[in-house]
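Below is one structure, written out as structure tokens; comments come after it.
The values are calculated or read from the model by the stated rules, or taken from the named source; none is laboratory data. The model shown is predicted, which means the values in this text are computed figures rather than measured ones. We work out accessible area using only protein heavy atoms, side chains counted, and drop any ligands, DNA or RNA first. Shrake-Rupley method; radii C 1.70, N 1.55, O 1.52, S 1.80 Å.
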Amino acid sequence: MTSQSQGIHQLLQAEKRAKDKLEEAKKKNGCASRKEKRLKQAKEEAMAEIDQYRMQREKEFRLKQSKVMGSQSNLSEEIEEQTQGKIKELSGSYNKYMESVLKQLLNIVCDVKPEIHVNYRATN
């Protein structure tokens, strides 16, 4: 009987040691869990800070862009006006000189003066 009570006693002690080890492991995991939670929280805070900074920079960029684009739209209007003026000027010049240039060109092309080339040698 004493051997049975000794076996039971050893079994109870083993259970107690296992229970203690489980509690110790849970405590360690609890620390790790707290660390993980803190890391996750820090990451979330950093992401929020990054998003806030990004929004601020985008706002500044849009402000600068609108200033630049506003001045560019004025420039593009001026360039468009200059281009239209130049097109009208060139069209007028074309219409004015077209007929006389064509006449000169046709006179030069149609007025053929037959001449013997300077390098031509008469062969007998």
Exercise for review: Round to the nearest 10 and report in Å² the accessible area of M98, as given by a 1.4 Å probe over the protein chains' heavy atoms.
Suggested key: 70
Review point. Add -39500 (n - 2.57) for each DSSP H run of 4 or more in the chain, then divide by its residues: what number comes out at 222 nm, to the nearest 500 deg cm²/dmol?
Key: -34000 deg cm²/dmol
Revision key, fill the gap. Beyond 22 Å, the calculated P(r) of the chain holds a percent of Cα-Cα pairs equal to 79
Check your understanding: Each residue of segment 83-96 in order: what ³J(HN,Hα) in whole Hz does its phi give by Karplus 6.51 cos²θ - 1.76 cosθ + 1.60, θ = phi - 60°, with x for Gly and Pro?
Key -> 5, 4, x, 5, 4, 4, 4, 5, 4, x, 5, 4, 4, 5
